[in-house]
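First the structure, in the form of structure tokens, and then the observations on it.
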Amino acid sequence: MAILLEEKKDVVVNGDFEQSQFKLKADPKAFNILSDKIYSHKVRAVIRELSTNAYDAHVAAGQDSPFDVHLPTSLEPWFSVKDYGTGLSHQDCMEVYTTYFMSTKTSSNDFVGALGLGSKSPFCISDSFTVISIYNGVERTYSAYKDEYDQPQFALLTEQSTEESNGVEVQVPVSEERRWEFAPEAIKIYQYFDNVNLNDDNIQEEINQIKSDRVIENEHFIYSLSYAHAKALMGNVCYNISLDALELKYGDPIDTLLRNGMTLKFNIGDLAFNAGRESLSFDTRTKAKIMEKAQQCLEILKDAMQEKINKKKTFYDAMLMKDEFSQLGREFMNDLTWNGKKLVASELKEPMKVYSYYTRSGFEQSKGIYSKRAEYYYNQKGYVSRIRQKVKDGDQNLQICLIEPSQVDEIGIDPWKVGNLNQLPKVDRQKVTKQSCKLFLIKEFSNYTPWVKEAEVDLNDGEERVYVKSIRKEVVDKNNHEYRLRDIKSQLATLGISMPEVYAVKGTLINQKKFQNSEFIELTDWIVQKLENLPSDKRKVMIMPAGVDKLRYLAKVMPERFEEIVSIMDSYADCSLTFSRYGVEYKEDNFVVDFTQEIMDKYPMIKVVSPWDIKHNPQEIINYFNLIDGEADVQ
């Protein structure tokens, strides 16, 4: 079984030289670098490192039960991880916690940790922490702390007999300023763990929701309904995959796969990572492993999709399942079937009438009839007010679809899923009075914690307002994924759409009927509405090829040849990801792609030279073009 890759160098030195081995000087500066500076996200690092140590301890002990995690609260301001593994002897404790790069887990890739740094990670958020080790009937309590010279020390405080089973608990005091950071970071880490016992039920519920949104999960990958960055999961630790580092061509099947909520799973030791275990080191071997796994997932993905669809009971349910794969693109969607029937939306003989949040009224629609946000009722006259009230009171994505009895089979839906309009509650005709509500107006958009000020609005004034859900100083979408509001503002600006006023609203208020009856619209729904209302010329995206940077450098060297094409490129912002992220159709323009291909075909040397070569050797490039053009003239 492979362990962390450590290639031995075959070096021969000739001659009689005085030699000295390199050493690490044990001083506070060195300890500070190894315990603190290697971590960019310090709270996340502490959670990750202590939790992977607990996981490893359970693996070593063959323990299937969960380990315990205590997230800090106002009354109990500490973070702790307690495992029920093998425990550590006194000698192991004194060595592991005082020796950097000392690890007991380098002999096997069953273990996540191997660098010998994670056990010291609490020093990046606290000057001290406590270690309690139970080993073979003896409980020992240690204090790890920094002395007056900022030098880490490790001291045995108590030792006593116990009947408790072996295990280790690490307790880290948490300042009030850092306490709020633990909840979101815990969600990021523990969504990739299975056996964790958390002290916060709300956090556990959010993690369970994230896991339930996974459409497919197997030994090779996780596919979720998300447009998040591609990720690599190795030993319960998730890393972002840089598509730039892989040098993938936009639109390539693997590129498409990795851009759409795909997490690839790897064996421990497959990928190289930095010392802080926060990012991958994209060396040749790591990139090859990622490409190998992505190709493997590409080959099995369609079969996995078809397997999920085959388990659905009705054609309607199969169509809903297919819709969950829509962000992957047509290449993955083609030829999917259910009971031998191709999964293509039924063409209804008569169009159905749909009531939605956006219009408050009915409109004819024959597309988009397969939607999780839809409720179906038999078409009857005289219930318009009830329908509108239902749409207004319900989720903002709700659609009320009115169908004829004959359309049940056309749509392929279970009859029991189609209701009668008389089941809808009658409209309350009581006079509507002013209903004030306090919430927060976002004053400055940020990718992290936005700046807000308290505001008061009348929920019954009929004014449409845009809101986002607020959770512990963060703003999230309906799937509790973080909103990057500054990025969204920039993306919309390229399409000529101005960001509206946005209110941050706590979940407790969102769930109240008075809020649901108001004209507030969730930000994602507002964006979809704006994108769908763009004219066709605004929904055109110029596709940029991999060699587009070379065109820009060529334009500087030979402006008479390339300035016009660069001007065309600059006149189009790449908004394809914006449209794709919100499921809005757009038209691709391949003019630049075709132009680039013509240049590469006519001047093949441009394929192999780099932008740096073009910039620093302009005359050679000009001579090359003139040479090729001259040969063409002769011919």
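The values are calculated or read from the model by the stated rules, or taken from the named source; none is laboratory data. What you see is a predicted model, and the numbers here were worked out from it, not measured in a lab. Using ideal geometry, Cβ is built from the backbone for each residue, glycine included, and neighbour counts are taken over all protein chains shown.
Some notes on this structure:
- Among the residues of the range 186-237, those that are of a type in the set (D, E, K, R) and closer than 25 Å to MET321 by Cα comprise GLU205, GLU206, LYS211, ASP213, ARG214, GLU217, GLU219, LYS231.
- Helices (runs of 4 or more DSSP H) fully within the range 253-323 that include at least 3 residues being at pLDDT 90 or above: 284-310, 315-323.
- Filter result for GLU219 (under 30 Å from ASN480 (Cα atoms), outside the structural domain of GLN91 (by TED's automatic domain parsing), part of a loop (DSSP other than H, G, I, E, B) and out of contact with any helix residue (DSSP H, G or I) (no Cβ under 8 Å at 6 or more places or on another chain)): yes
- Considering residues of the range 322-354 that are aliphatic (A, V, I, L, M) and free of Cβ contacts under 8 Å to residues at least 24 places away in the same chain only, the residue farthest from SER371 (Cα to Cα): MET333
- Pair list, Cβ under 6 Å, 6 or more apart: the range 120-142 residue touching a residue at least 60 places away in the same chain (Cβ under 8 Å) and crowded, with 18+ Cβ neighbours inside 10 Å, other residue charged (D, E, K, R) and assigned to a strand (DSSP E or B): none
- Subset of the range 380-393 (residues that are in a loop (DSSP other than H, G, I, E, B) and surrounded by fewer than 16 Cβ atoms within 10 Å (Cβ to Cβ)): GLN380, LYS381, GLY382
- Restricted to the range 136-213, the set of strands (runs of 3 or more DSSP E) holding at least 2 residues that are not assigned by TED's automatic domain parsing to the domain that holds LYS120 comprises 196-198.
- Residues in the range 234-258 that are touching a residue at least 60 places away in the same chain (Cβ under 8 Å) and farther than 30 Å from ASP56 by Cβ were compared, and the one that is surrounded by the most Cβ atoms within 10 Å (Cβ to Cβ) is LEU257.
- Some residue of the range 442-455 being among the basic types (Lys, Arg), touching a Leu at 6+ places or on another chain (Cβ under 9 Å) and surrounded by fewer than 18 Cβ atoms within 10 Å (Cβ to Cβ): yes
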